[in-house]
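J.: Submitted below is the structure of interest, expressed as structure tokens.
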Amino acid sequence: MQYQEILDAVHATVSPLIGCGRVADYIPELAAVDPRRFGLALATTDGAVYGVGDWQTPLSIQSVSKVFSLAVALSGNNEAIWRRVGREPSGSPFNALQRLENDRGVPRNPFVNAGALVVVDHLLTLTGDPTRVVLELLRTEGGNPTIDVDQRMAKSEAENRHRNAALAHLLASYGALTHPVDVVLDQYTALCAIAMSCRDLARTAGFLARQGLRADGSRLLSRSNAKRLNATMLTCGTYDSAGEFAYRVGLPAKSGVGGGILAVVPNRCTLAVWAPGLDESGNSCAGRAALDAFTTLTGWSVF
Ligand code: DON
């Protein structure tokens, strides 16, 4: 089967499920998104890209941005971030305060909100401006200089960030942040509010399928760090249902509450899917079903 035929077949398989789940409603900008949107894109390791449905419409990437923040933190063979954050699945909701209290300010992994806040703090030290550096990476790898923060989304997120502020203050109380809480929160909020299409998202993440190599062949991550980032996505990338996700899909993946999921088939391709309705864990309902159908149809899982 050709790639386009595969995507068309996946689309047909999941079409009865499009619209399933509940759209995130903690801010009006996300609540207003049409639940029947569905896009799926596939980018091969050599840069060809295919898509179906709303694959060229920008979505709010939300926590999918945590993959790119971690990639920048690990670039240049830098592993210091692992002294500040763990890499175990949390088994708790992504914004749980209790888990961070029990773990005495060392977040379980870089993909729960507390962990991502620590990664942002780390990137402030390494780069001075994490949002600028992540946007540069996305624009270059995606081949789209217009990828940017959705400022309305960022403003709305900032006005409703009480729980993330609580997490950041709890981290600060343990001495786990080196920059002011508000500076870290502003960067975190902007990164979550980046808008880009499935097409650009799939292309941008190609380095994860190319063992750390960027589109131009230069190295972003060492082979080991690319493997480790994929492993962390597999075990921690889909909130507290990462086990179920691995069971059904069998690929490294990272989801966001905007309904996007990024998935990696190492040495072959990357996939980005968007369907705004979420399941109880916060993963895209039809998005997960599409990735499930994809690996069932092709046999391309890591297992
Ligand atoms: O931090 C938040 O609440 C959102 N801006 C992003 C959350 C999300 O996508 C899930 N996080 N792991």
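The values are calculated or read from the model by the stated rules, or taken from the named source; none is laboratory data. Note that the coordinates shown come from a computational prediction; the quantities given were computed from them, not determined experimentally. Positions of Cβ are generated from backbone atoms using ideal geometry, with glycine treated the same way; all protein chains shown enter the neighbour counts.
J.: May I ask you to verify whether Ser241 is at pLDDT 95 or above and either surrounded by fewer than 23 Cβ atoms within 10 Å (Cβ to Cβ) or over 23 Å from Gly19 (Cα atoms) (or both)?
T.: No: the conditions fail for Ser241.
J.: Could you tell me how many of the residues in region 86-115 are in contact with a Lys or Arg (Cβ under 6 Å, 6 or more places away or on another chain), away from the ligand (no atom under 13 Å from the Cβ) and touching a residue at least 40 places away in the same chain (Cβ under 8 Å)?
T.: 1
J.: Determine, yes or no, whether Leu17 is out of contact with any helix residue (DSSP H, G or I) (no Cβ under 7 Å at 6 or more places or on another chain), hydrophobic (A, V, I, L, M, F, W, C) and surrounded by 16 or more Cβ atoms within 10 Å (Cβ to Cβ).
T.: For Leu17, the condition - out of contact with any helix residue (DSSP H, G or I) (no Cβ under 7 Å at 6 or more places or on another chain), hydrophobic (A, V, I, L, M, F, W, C) and surrounded by 16 or more Cβ atoms within 10 Å (Cβ to Cβ) - is not met.
J.: If I ask for residues that are under 20 Å from the mean Cα position of the chain (by Cα), in a loop (DSSP other than H, G, I, E, B) and more than 16 Å from the ligand (Cβ to nearest atom), which ones from region 18-46 would you list?
T.: Across region 18-46, the qualifying residues are Pro35, Arg37, Phe38, Thr45.
J.: Does region 116-147 hold any residues that are touching a residue at least 60 places away in the same chain (Cβ under 8 Å), of a type in the set (A, V, I, L, M) and closer than 21 Å to Pro252 by Cβ, and which are they?
T.: Ala116, Val134, Leu137, Leu138
Okay, residues lined up against (1) aliphatic (A, V, I, L, M); (2) more than 13 Å from the ligand (Cβ to nearest atom):
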site	(1), (2)
Ala242	yes, no
Gly250	no, yes
Lys254	no, no
Ala263	yes, yes
Thr270	no, yes
Leu278	yes, no
Ser281	no, no
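J.: Still on this structure: Residues that are under 26 Å from Ala32 (Cβ atoms) and within 15 Å of the ligand (Cβ to nearest atom), at least 3 per element: which helices (runs of 4 or more DSSP H) completely within region 116-203 meet that?
T.: The helices (runs of 4 or more DSSP H) meeting that bar are 151-159, 162-173, 181-192.
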